[in-house]
1. Within segment 136-179, can you find the residues that are within 22 Å of His98 (Cα to Cα), surrounded by fewer than 19 Cβ atoms within 10 Å (Cβ to Cβ) and touching a residue at least 60 places away in the same chain (Cβ under 8 Å)?
2. Condition first: assigned to a loop (DSSP other than H, G, I, E, B), of a type in the set (A, V, I, L, M, F, W, C) and touching a residue at least 24 places away in the same chain (Cβ under 8 Å). Now tell me which residues in segment 73-120 satisfy that.
3. Taking interchain pairs and intrachain pairs at least six residues apart, which have beta carbon atoms under 6 angstrom, with the first residue in segment 183-208 and in contact (Cβ under 8 Å) with a residue 60 or more places away in the chain and among the hydroxyl-bearing types (Ser, Thr, Tyr) and the second part of a helix (DSSP H, G or I) and surrounded by 12 or more Cβ atoms within 10 Å (Cβ to Cβ)?
4. What residue, among those in segment 187-208 that are out of contact with any Asp or Glu (no Cβ under 8 Å at 6 or more places or on another chain) and outside any strand (DSSP E or B), is surrounded by the fewest Cβ atoms within 10 Å (Cβ to Cβ)?
5. Take the conditions closer than 23 Å to Glu182 by Cα and crowded, with 16+ Cβ neighbours inside 10 Å and apply them to Thr41. Does it pass?
6. When Val90 is evaluated against the numbered criteria (1) at pLDDT 95 or above; (2) within 19 Å of Thr159 (Cβ to Cβ); (3) over 19 Å from the mean Cα position of the chain (by Cα), which criterion, by number, is the only one it fails?
Amino acid sequence: MNPTPNRRHLLIASAAALAAPAWLPSAIAQAKNLRPTPSQTEGPFYPVALPADSDADLLKNGQVNDGQGQPAWVEGTVVDRAGVPVSGAVVEIWQCDHAGHYHHPGDGGRADPAFQGFGKVSVGRDGRYRFRTIRPVPYGGRTPHIHVKVKLDRRELLTTQLYVAGDPGNDRDFLWRRLDAENRAALTVPFAAGRDGIKANFPIVVQA
C-alpha cells in the first residue's frame with residue numbers, strides 16, 4: 001500500500017534531514033550574523049579593587065541592606081553573533097548610588113556603604129544573567145546609566161553602558177548623543193514595572 005500524502009511528506013522530509021551535510025546546522029546558525037552590542041568607554045570609576053562582596057545583589061553589601069534608591073532587576077542573555085549562548089562568560093556591572101556617588105577614590109569616598117556598587121555573575125549554558133540593583137540616577141552631568149563589561153577567561157569581550165529609555169537626560173548626554181539610532185536602540189532599554197518589581201531586559205551580543 002502506498003503511504004498517505006501526509007506520511008509520504010514526512011518520509012521525504014526525514015530522508016532529506018538525514019542526507020543534509022553535517023555543516024548545514026552550523027551554517028544556518030552563522031547566517032543569523034547578529035549585530036554586536038556597541039561598545040562604549042569604561043569611564044573613570046571602574047573599581048580600583050573589587051569589593052569583598054561582588055555578587056549579583058547590589059542591594060546588600062556584606063551584611064548591610066541598602067534601603068535607598070528604586071530597586072530594579074537588570075537581566076538578559078549573552079550570546080555570540082550566531083545566537084549561541086556564551087557559557088562561562090562573566091558579566092560585570094557598576095554604577096553610582098542613589099545620590100550619584102561611586103565607590104571609587106576619584107569620587108571622594110562619599111558613596112553609600114550599604115550599596116555594593118559593583119557586581120558580577122557567570123552565565124550558564126542558557127547564557128542568562130540577572131542582577132538586583134537600583135534604577136540608575138544621573139550624576140555630574142551624565143544621564144542615568146549602568147556600566148557593563150563582559151569577560152570570557154582572560155579576554156574582555158565588551159565594555160559598554162546601559163541607558164534608561166525615555167529619560168529626559170539622554171538628549172543632553174554627550175556619549176548618548178554620539179550614538180546613531182540603531183546603537184541607541186541597542187543600549188537604551190525600558191525600566192518597566194513587572195510582577196517582581198521594576199525590570200530592565202538588556203540582551204548582549206558579543207564577538208566571542
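1. Residues satisfying the conditions are Lys149, Leu175.
2. If the condition is that a residue be assigned to a loop (DSSP other than H, G, I, E, B), of a type in the set (A, V, I, L, M, F, W, C) and touching a residue at least 24 places away in the same chain (Cβ under 8 Å), then Ala82, Val84, Val86, Ala89, Cys96, Ala99, Ala114, Phe115 are the ones that fit.
3. Correct list of pairs: empty, since none qualify.
4. Filtering segment 187-208 for residues that are out of contact with any Asp or Glu (no Cβ under 8 Å at 6 or more places or on another chain) and outside any strand (DSSP E or B), the one surrounded by the fewest Cβ atoms within 10 Å (Cβ to Cβ) comes out as Arg195.
5. So Thr41 does not fit the description; no.
6. Among (1) at pLDDT 95 or above; (2) within 19 Å of Thr159 (Cβ to Cβ); (3) over 19 Å from the mean Cα position of the chain (by Cα), the lone unmet condition for Val90 is (3).
The values are calculated or read from the model by the stated rules, or taken from the named source; none is laboratory data. Please read all numbers here as calculations on a predicted model, not as lab measurements. Quick reminder, even Gly has a Cβ in these numbers, built from the backbone with ideal geometry, and neighbours come from all protein chains shown.
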